[in-house]
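So the structure is just underneath, and the comments pick up after that.
What follows is calculated from the coordinates using simple rules that are stated; it is not laboratory data. All values derive from a computational prediction rather than experimental measurement. Note: ideal-geometry Cβ built from the backbone for every residue, glycine included; neighbour counts use all protein chains shown.
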Amino acid sequence: MASSDRAPPAARLAGALALLTALGCGAGGPPPAQPTRGEVRLQGKPVAGAWVVLTATEGDKARAMKPFGRTGPDGTFRLRTYEGEDGAPAGEYAVTITWPGPPPKGDPDATEGPDRLKGRFADPAKARWKVQIAPGDNTLPAFVLD
């Protein structure tokens, strides 16, 4: 399985804010991440290079959490919340997926192009998938894009 330490800017900012919020709220510190993995497929084939982002749907402390992962060549991913591929804190999440194309030609600052899925799976308020992360090891059902 593969993922990248480079999250989309919004996910990096959300993760940093979540960590700061969690550290500043309560004596217990941030909720622990639970190992979480999954896969993304399109027409039966793996989707490489897609961003999978979970947006918490419950709990004030968890609302800022946005665990994320990037699919590898085989379409699999492992989620990250705080560091490495630590997973996601337990709770319910809406799942969003974007699949950036190659960077536009002539833009030396661009690292990714527009979403090949045209934003169809990018809005957590309209999420097609909701998942429950439980304590322990989590393998999510495959996210099949159609």
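Below, the figures for the structure above:
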item	result
Centre separation in Å (Cα based) which lies between the stretch 80-138 and the stretch 34-50	11
Reciprocal mean inverse distance between Cα atoms of the stretch 81-146 - Kirkwood radius, Å	14.2
Ranked Leu54, Leu145, criterion: other C-beta atoms within 10 Å, fewest first	Leu145, Leu54
Fully extended contour minus Cα-Cα distance, from Val144 to Arg41, at 0.36 nm per residue	36.6 nm
Compactness of the stretch 23-145 - radius of gyration and Dmax, Cα, Å	15.1, 50
Test item: Cα-centred dipole of the stretch 40-121, Lys/Arg +1 and Asp/Glu -1 on Cβ, debye	340
Loop GluC sites (Glu not before Pro), the stretch 30-98, which have at most 12 other Cβ atoms in a 10 Å radius of their Cβ (DSSP)	Glu58, Glu83
